[in-house]
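The values are calculated or read from the model by the stated rules, or taken from the named source; none is laboratory data. Please read these numbers as outputs of a predicted model, since none were measured by experiment. Cβ atoms come from the backbone with ideal geometry, glycine included; neighbour counts cover every protein chain shown. The protein model used for the area step is the full one, side chains on, heavy atoms only, and it has no ligands, DNA or RNA in it. Shrake-Rupley method; radii C 1.70, N 1.55, O 1.52, S 1.80 Å.
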Amino acid sequence: MNAAPPSDADWGLMARASQDQLALSQLYDRHRHYVFRLAWGILGEDAAADDVVQEVFLRLHDGRLKAQPRAKFTTWLYGVVLNIAREQARRRRRFWGAAQADEVLSTHADDQADPARLDRLRDLGRALATLPIRQREVVLLRFLEGFDTAETAEILGCRQGTVKAHLHRATRKLQTEFQSPPPLSKETSQ
């Protein structure tokens, strides 16, 4: 599921966001869920993703974010989100780890959810946590956000070939993670 359809209206709202609270509110309502989802994919925790959402819209409000409307608004916005999430990660000196993935999934698990589905989600979270940050970003943009290779390259500020290489390496590593049997714990090996 992609962000709301991009339009010139988003660029117009952005141009007014630093002086017009209504314009900022409209941008927030249109894009906050997508900003949160992408930030969560990078940082792996709700509080950190909420901080990124707040920082993105604060920077829009105080005029620190400038852009030339050459691309789709959402393409530009996701680049901003990635940069702010990276800043957040550097400040916190941690990235999404397998233990955090388990914690997030267990605290947000629906009591009625299928236990096998939750196990698969935990496995996916652990596998994503093993990827280097750039590969994780490519996977999130391509598969979670549905951007094509050109849009992903534009967001990340790299060439399309680089995106393809990261995606290839990430999918190979993820395939290996899911094909490998889980490690035996001490309890099961005795």
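Per-structure values
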{"read-out": "Evaluation of Asp50 against (1) touching a Phe, Trp or Tyr at 6+ places or on another chain (Cβ under 8 Å); (2) surrounded by 17 or more Cβ atoms within 10 Å (Cβ to Cβ); (3) at pLDDT 85 or above (one fails), failing number", "value": "(2)"}
{"read-out": "Candidate set: the range 140-154, residues that are open to solvent by 10 Å² or more (accessible area, probe 1.4 Å) and closer than 13 Å to Arg37 by Cα; chosen: the one modelled with the lowest pLDDT", "value": "Leu144"}
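Let's see how each residue does on (1) surrounded by fewer than 22 Cβ atoms within 10 Å (Cβ to Cβ); (2) at pLDDT 80 or above; (3) within 22 Å of Arg126 (Cα to Cα):
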{"position": "Leu22", "(1), (2), (3)": "yes, yes, no"}
{"position": "Ser25", "(1), (2), (3)": "yes, yes, no"}
{"position": "Asp29", "(1), (2), (3)": "yes, yes, no"}
{"position": "Gly44", "(1), (2), (3)": "no, no, yes"}
{"position": "Val56", "(1), (2), (3)": "no, yes, no"}
